[in-house]
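The values are calculated or read from the model by the stated rules, or taken from the named source; none is laboratory data. Owing to the predicted nature of the structure, the values given are computational and were not obtained by experimental measurement. Cβ coordinates were reconstructed from backbone atoms using ideal geometry, including for glycine residues, and neighbour counts include every protein chain displayed.
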Amino acid sequence: MSHGDVKSTRDTIKSENQQRLSLGRLKADEFGRAVSKIAVAQICESVGFQGFKESALEGLTDILVCYLCDLGRNASFHANLAGRTECNLFDITRALEELEASHGFPSASDIGHCLVGSGTVREIIRFVDSEEEIPFAQPVPKFPIVRNGKLIPSFEHMNEKPPGKHIPTWLPAFPDPHTYIHTPMWNERASDPCADKIEQARQRRKAEKALLQLQQRLVCNGSSGTSTSLATDAEKEKVQGGESNPFLAAPLQPGEKDVSQVVSPAKPTDEASKGDHVSMLEAFAPAIEAMKGGPSDGEKLHLPEKRAAVHFKFRAGKKILGEPLDLSLQKKGERGTTAFLRIEERDDKKRRAEFILRQTTEFPMELNQS
Amino acid sequence: MNHNRQSNDGKHDDDSALSDFLASLMDYTPTIPDELVEHYLAKSGFQCPDVRLIRLVAVATQKFVAEVANDALQHCKARQAAVVKDKREKQQKVISIDACF
């Protein structure tokens, strides 16, 4: 069926209505009107029309809706008049007769006749027999959809006693007092100075552990053997130094590749500096054991044996933690070993402090010498 | 007496015709869907659990709208016949709002 103004089929009517809905201004009964429009269009098509204007369609839809409402109203009026709430066939017949009274229908002038033989019904029967059946184009769901509203639970439901005898229990419960009464807030956490101190000390120890591990790893980097060939004197020095501690390891020559070897306590890593690592482990064993508190420590130590060779650029001016260590410790020789052993015996804090102090004092000296 | 008997027979015929008609209504599907009719009838206070009566109302409304459309069609045809300048043989029969009333 073509539209006078716009080419429209039943689908486009629906889409038009959807567009109107999407605009946001939802009028009441929008869905009912849309469905009525489709029904009216179908009826017009059956009558013989080939097209209609939008305004005409709206008008006919209004007529249909008004007729339905009037019929229902009249039928319910007649039912109520007879003392009933439910309508029956005769109520509808009377309503039909009332609506068609202006136009006239057969047997309208018969007064006091049985409604069964009413002219209107006969006409309807004739209409049904003559017209071909045109069912509605789309399936229509039951509307309007009834939603179950969320009800406020009653006193009974909440197992609360209503404040006051005059309030029955089936009424909705009052809101909680904290929603409308301002109550003071107290800090309920009990302060335990002893526990607080312990906690503080524990956190400090944790921080120190982390720092120590970092330093250890840096030291390992500095003291580890390289994957490429080493100078013999450097090796010797390394062996010497490796016996006791990694601080005496040979410094990295410029241009040498440094494979940062990470030592796991159980496995010695590089064949060139095997001796180093074993002795280093021995040297570090007490410290490692002291550190082994949490599970995280153990996890961190399980690291890969060999890492890829890393190219470092050696600049004299830059102060790298690993480098100055080696430089400083190489010169010390035996002195450094004993010093280190002594350090292990002291606390973590003191060890750290001495280490940092040594680094700062001896580094500039070594740098000048080299 | 005779008159009464005749009227009684007439009533019986009407009764049977009506009951047959109501039964046949269940087979006939009106163009106006039942859900729509129920919605508007409920709005106006009509309460009936019987589906046949809902169908009856739907058919009555359909008949009414069809009559209106038919009258409009007659108007439209008459209007087109009256138009002298008509080059096209077939003209689309379009319903406009003034023809409805």
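Considering only residues of the stretch A:206-226 that are of a type in the set (G, A, S) and surrounded by 11 or more Cβ atoms within 10 Å (Cβ to Cβ), which is nearest to A:R351 (Cα to Cα)?
A:A210
Considering only the stretch A:178-198, how many residues are assigned to a loop (DSSP other than H, G, I, E, B) and under 25 Å from A:P163 (Cβ atoms)?
6
Give the residue that is farthest from the other protein chains (Cβ to nearest Cβ), with candidates limited to residues of the stretch B:49-86 that are surrounded by 17 or more Cβ atoms within 10 Å (Cβ to Cβ) and not aliphatic (A, V, I, L, M).
In this case the residue turns out to be B:R55.
Limited to the stretch A:84-96, what total is found for residues that are under 15 Å from A:R122 (Cα atoms) and either touching a residue at least 24 places away in the same chain (Cβ under 8 Å) or within 11 Å of chain B (Cβ to nearest Cβ) (or both)?
6
Scan the stretch A:28-52 for residues that are surrounded by 17 or more Cβ atoms within 10 Å (Cβ to Cβ) and at the interface with another protein chain (Cβ under 7 Å from one of its Cβ atoms) and jot them down.
Scanning the stretch A:28-52 gives A:G32, A:V35, A:S36, A:A39, A:V40, A:Q42, A:I43, A:C44, A:V47, A:F49, A:G51, A:F52.
What tally of residues in the stretch A:119-177 results from selecting those that are more than 8 Å from chain B (Cβ to nearest Cβ), part of a helix (DSSP H, G or I) and in contact with a Lys or Arg (Cβ under 8 Å, 6 or more places away or on another chain)?
Residues flagged as more than 8 Å from chain B (Cβ to nearest Cβ), part of a helix (DSSP H, G or I) and in contact with a Lys or Arg (Cβ under 8 Å, 6 or more places away or on another chain) within the stretch A:119-177 amount to 1.
Between A:I134, A:I145, which is among the aliphatic types (A, V, I, L, M), on the phi < 0 side of the Ramachandran plot and in contact (Cβ under 8 Å) with a residue 40 or more places away in the chain?
A:I134
Identify the residue in the stretch B:17-48 that is more than 22 Å from A:P144 (Cα to Cα) and in a loop (DSSP other than H, G, I, E, B) and, among all such residues, is farthest from the other protein chains (Cβ to nearest Cβ).
Per the stated criteria, the residue is B:M26.
Determine whether the stretch A:64-83 contains at least one residue that is without any contact (Cβ under 8 Å) to a residue 24 or more places away in the chain and either β-branched (V, I, T) or outside the structural domain of A:A39 (by the TED database) (or both).
no
In the stretch A:182-205, is there at least one residue being modelled with pLDDT of 85 or more, in contact with a Leu (Cβ under 7 Å, 6 or more places away or on another chain) and surrounded by 10 or more Cβ atoms within 10 Å (Cβ to Cβ)?
No, there is no match, as no residue in the stretch A:182-205 is modelled with pLDDT of 85 or more, in contact with a Leu (Cβ under 7 Å, 6 or more places away or on another chain) and surrounded by 10 or more Cβ atoms within 10 Å (Cβ to Cβ).
Any residue that is acidic (D, E), free of Cβ contacts under 8 Å to residues at least 12 places away in the same chain and surrounded by 12 or more Cβ atoms within 10 Å (Cβ to Cβ) - is there at least one of those in the stretch A:149-156?
no
Yes or no: A:G104 of a type in the set (G, A, S) and without any contact (Cβ under 8 Å) to a residue 12 or more places away in the chain?
yes
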